[in-house]
Amino acid sequence: MRPLTLRTKLTLFYSITVSVLLTGFGLVYYRVLSVGLDRDITQDVIDRASGLRGYLRFEEGVPIFDYDPNDPDELSFINTATRYYQLYELRTGTVVVGSDELRATGIQYSPQDLTRYAQSQPSLMDFQTDQGKIRLRNELVPGEGETYLLVVGASMRQMDDTLHSFLAALAWLIPSGVLLAAIASWFMAGKALQPVAALSKAAGDIAVTSLDRRLPVRGTNDELDQLAAEFNDTLARLEKAVGEMQQFTASISHELRTPLAVLRGEAEVALLEARSPEQYRRVLSSQLEEFEKLSRMINQLLTLARAESGEVAIAHDAVNISIMTRSLAEQLEPVAASKEVALSWNCEPDVTLRGDASWIERIILNLADNAIKFTRPGGHVSMSVLRNGNSAILEVADDGIGIAAEAVPHIFERFYRADPSRANRAEGAGLGLSLVEWAVDQHHGSVQVDSRPDRGTSFVVKIPLQN
């Protein structure tokens, strides 16, 4: 069974809502109308009984209505009130006088009924007859030594006809209203969902090869525009991620191709002719260096992948960055000296922060290694640590070849190389600064770069003392 479309669901919802509302309003109004009509007819019967009592007189035991026949109001009231009436003599239980209309209905009280009504307060009674329902009121009337029971009534046929007509009107008004509501809601839902259909079509046309396309925004700033804007933001992030993935694939292919080509070339050359054990040893030693580069790059890739996927937990231990920087500088001094680069350090004592010692060490080593690597012989690299308010400041500066201004925003990207001259000098895989940025971010810090070509580069890392 196919699921209902959103347009159909909206139409059903509006139709059911309208039907419930119309039915509810109809029933409430029917109730109000019936109560109002019932109250009116009750008051009318009471007024007729009270009025006839005022006009009723007894002359020598004969009841008469004393009224002015020339008064049209009195004449109209008497004619209306005496349409349904009877006057019983309680002692004998006989009908003294009554109207033909009430006699034709077959209503006549028995002696037991008369006795019961004589002992109770004036009351109202409804009777179902062939001529319809009639409401009667019983009142005791004294007269010339006798007690009489005056019965006055009114037909309820008009009230019943009105209620039946109202129900008949509801019977066709409610279905008609529901049908009109369904038609209107069908078209309104279609109109309202047109932008959704347009968004769906536009989204369906976007493929991996066309991530630069965006969903149309109508400029109404409504929910659909907000949805389109959010989707466009997602597309932008996806486009960036796919671009980075493509760049990563191309970069890693290049990084792997070079050492693999060297390994293959050395192996092929070694197999061309017989060599001495010493020559084979040199070939194997060279290949071990290439294997070491490949292993280092793969380890860095795995570390970066685990870090970005949230698999690396960051410790929050006390780390004396002053002692750590001084110790690493002493270890790197021979490396710098081998490249004829002077290395100096100046660390403010006991600058301690809370963080992961292994990652803090990686930050310092990567920055210092890059500084030594890209500094010409005779150059200088300095490392410093100081406390600035609630933050620790680590600065690694050199007077090396520097970085072009247009390349600075990209140096933290994986495998990015600023220019061929830096690439030729680099022995790494281009992942060190990516790891530095991630580690600094995990410590809620920041890293800034200031570099000018041929004048050197300065990296300033700022990490809060308490994370």
field: Phi to ³J(HN,Hα) by Karplus 6.51 cos²θ - 1.76 cosθ + 1.60 over segment 112-126, Hz, x for Gly, Pro
entry: 5, 5, 4, 4, 5, 5, 5, 9, 10, 6, x, 9, 10, 9, 9
- prompt: What are the residues whose amide H is under 5 Å from the amide H of residue 84, where those residues sit 5 or more places off or on another chain and H is modelled from the backbone?
  reply: 153
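Ordered by packing density, taken as the mean number of other Cβ atoms within 10 Å over each peptide's residues, highest first, how do 127-135, 374-382 rank?
374-382, 127-135
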- request: Could you let me know the centre-to-centre spacing of segment 361-378 and segment 162-189, using Cα atoms, in angstrom?
  value: 83 Å
- prompt: Whole-Hz Karplus ³J(HN,Hα) for segment 186-195, in order, using 6.51 cos²θ - 1.76 cosθ + 1.60 and θ = phi - 60°, x for Gly and Pro?
  reply: 4, 6, 5, 5, x, 5, 5, 8, 4, x
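With a 1.4 Å probe and all protein chains left in place, how much of the accessible area of segment 312-415 comes from carbon and sulfur atoms, in whole percent? Walk me through the intermediate numbers first.
On the way: 2310 of 4660 Å².
Carbon and sulfur together cover 50 percent of it.
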message: Counting only protein heavy atoms and a 1.4 Å probe, tell me what percentage of segment 115-213's accessible area is made up of carbon and sulfur.
response: 61 percent
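Counting only heavy atoms of protein chains, what accessible area per residue, in Å², does segment 13-65 have with a probe of 1.4 Å? Walk me through the numbers on the way to the answer.
Values: 3400 Å² over 53 residues.
Here the residues of segment 13-65 average 64 Å² of exposed surface.
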message: Ignoring ligands, DNA and RNA, please state the percent of accessible area on segment 49-88 from carbon and sulfur, probe 1.4 Å.
response: 42 percent
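Could you tell me which of rounded, prolate or oblate describes segment 173-224, using a ≥ b ≥ c as the square roots of the eigenvalues of the alpha-carbon gyration tensor, with rounded for a/c under 1.5 and, failing that, prolate when a/b is larger than b/c and oblate otherwise?
Details: a/c = 6.94, a/b = 2.95, b/c = 2.36.
In terms of gyration-tensor shape, prolate.
Sorted by packing (mean other beta-carbon atoms within 10 Å per residue), highest first, where do 341-349, 281-289 land?
With the highest mean Cβ count within 10 Å placed first, the list reads 341-349, 281-289.
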- prompt: For residue 376, which sequence-distant residues (separation of 5 or more, or a different chain) have an amide H within less than 5 Å of its own amide H, given hydrogens modelled in the peptide plane?
  reply: 401
field: Percent breakdown of C-alpha pair distances by 10 Å bin, ordered from the shortest bin, for the chain
entry: 3, 12, 13, 10, 8, 7, 6, 6, 5, 5, 7, 7, 6, 3, 1, 0, 0
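Counting helices only, and only those DSSP H runs with n ≥ 4, report the 222 nm mean residue ellipticity of the chain as the sum of -39,500 (n - 2.57) divided by its residues, in deg cm²/dmol to the nearest 500.
On the way: 11 runs with 255 residues, N = 467.
The per-residue figure over the chain is -19000 deg cm²/dmol.
The values are calculated or read from the model by the stated rules, or taken from the named source; none is laboratory data. Remember, predicted model here, so these are calculated numbers, not experimental data. Virtual Cβ from ideal backbone geometry, glycine too; neighbours counted across all protein chains shown. These area figures cover heavy atoms from the full protein model, side chains too; ligands, DNA and RNA do not enter into them. Shrake-Rupley method; radii C 1.70, N 1.55, O 1.52, S 1.80 Å.
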